[in-house]
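No value in this document is a laboratory result; all are computed from the given coordinates. For clarity, every value in this text was computed on a predicted model and none was experimentally measured. Cβ sites come from the backbone with ideal geometry, for glycine too, and all protein chains shown count toward neighbours.
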Amino acid sequence: MTTSTSPASPLRNAVRLLTVVSAIGTGLALAAVVQGALDGPRWLLIVGLPVTALALTAYGRAAEDMESGVAPALRSGGPRAFAPAVVNGVKAVNKKNGRTAGDGQAVDSVFAFDLTVMADDLPPYRIEVRHPLDQQGLLHRSRAVVEYDPGQPWRVVVPDNPPREWLARAERLVPPVGEVKRRTGGVPAGFSALMSGVVIAAVLLVLVRVLG
């Protein structure tokens, strides 16, 4: 199995900055709600409630996406590895609600690839990968090559032009025997920002009590 890493990129730094900003914003909003509800001023409660509700909704939606079995994108600058996969099925779905769509070429639809990934260092697992294009012509093939994150194997993509040696390996792939479990994510996206926000809120409230 071939793995590769890449240096930190501006996109990766932007993601880290967004996580920090989200944590600080969540912490300020939570602290405002608690402080406004207990001691006032009431404008803190009025401002903090909608911001907190918006943040929790976003975190909850990210968690639902993680539990759905749909593969998220690879981490920018993270490790990469190729693996052969069995194509269990391909269908067009609505990209917003995941329901089956009649036309795979419609603007609001994407292809959903139901794959069994068979990496060398992991038990076989099923995952759904979505893409607006029929990558590798999987509508008419039973084997594929995927690219995944060895550290977070629920992150899987179907590359457009995988190496020839991996295509040949995929063609020789023998499907696993027995039931294969679906792979879902580990820690939901945004979880670290939410927990950091709770810590920031607690620290702010303690400081208010001590200094106020």
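Length, then width, then depth: along the principal axes, the Cα atoms of the range 81-125 run 37, 17, 16 Å. If R0 is 41 Å, what FRET efficiency do you get for residue 42 and residue 199 from their C-beta distance, rounded to 0.05? Once the sixth-power term is evaluated, E becomes 0.95. Two decimals is fine: what's Rg over Rh for the range 117-202, C-alpha atoms, Kirkwood radius as Rh? Checking Rg against Rh, the ratio lands at 1.10.
Plainly put, the range 75-177 has a radius of gyration that is 0.96 times its Kirkwood radius, both from alpha-carbon atoms, as the Rg/Rh ratio.
For residue 206 and residue 96, what does the FRET efficiency come to when R0 = 35 Å and r is the distance between their Cβ atoms, rounded to the nearest 0.05? Computed FRET efficiency for residue 206 and residue 96: 0.25.
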